[in-house]
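A short write-up of the structure that comes next.
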Amino acid sequence: MEKQALILAIKNAKEQAEIIANSLNLSIVGVKHVNPSVRHQSFDASPMLMKSAARLENSSTPVESGEVSVKASVNVEFIIK
């Protein structure tokens with residue numbers, strides 16, 4: 001998930017930079033700097049899921065219910081000419 005989020009963030013940054021460069025009759029010729037950022041956020045599960053997890057608590061493998069959100073952003077300085 002983290003890798004996919006970063007790939008999408010970089011793709012979006014490049015697309016935006018290309019729009020700006022093209023509108024100025026310029027081209028992207030390189031990258032000066034890249035600063036990626038990835039955040040993970042957990043969400044508590046619903047009470048029903050918690051009851052299901054409680055039933056599984058006695059099993060040999062611990063199970064935690066809930067969701068995880070992964071958000072990626074990237075700050076890219078492109079070189080345009």
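The values are calculated or read from the model by the stated rules, or taken from the named source; none is laboratory data. Quick caveat: nothing in here was measured; it's all calculated off a predicted structure. Counting neighbours? That spans all protein chains shown, and the Cβs are built from the backbone with ideal geometry, glycine included.
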With the requirement that a residue be more than 16 Å from ASN75 (Cα to Cα), in contact (Cβ under 8 Å) with a residue 24 or more places away in the chain and surrounded by 12 or more Cβ atoms within 10 Å (Cβ to Cβ), what does the stretch 6-25 give you? ALA21
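Of all residues in the stretch 26-38, which are of a type in the set (Ser, Thr, Tyr) and either more than 10 Å from SER73 (Cα to Cα) or part of a helix (DSSP H, G or I) (or both)?
Applying the first criterion (of a type in the set (Ser, Thr, Tyr)) to the stretch 26-38 yields 27, 37.
Across the stretch 26-38, the qualifying residue is only SER27.
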Would you check if VAL70 is surrounded by 14 or more Cβ atoms within 10 Å (Cβ to Cβ), modelled with pLDDT under 95 and not acidic (Asp, Glu)? yes
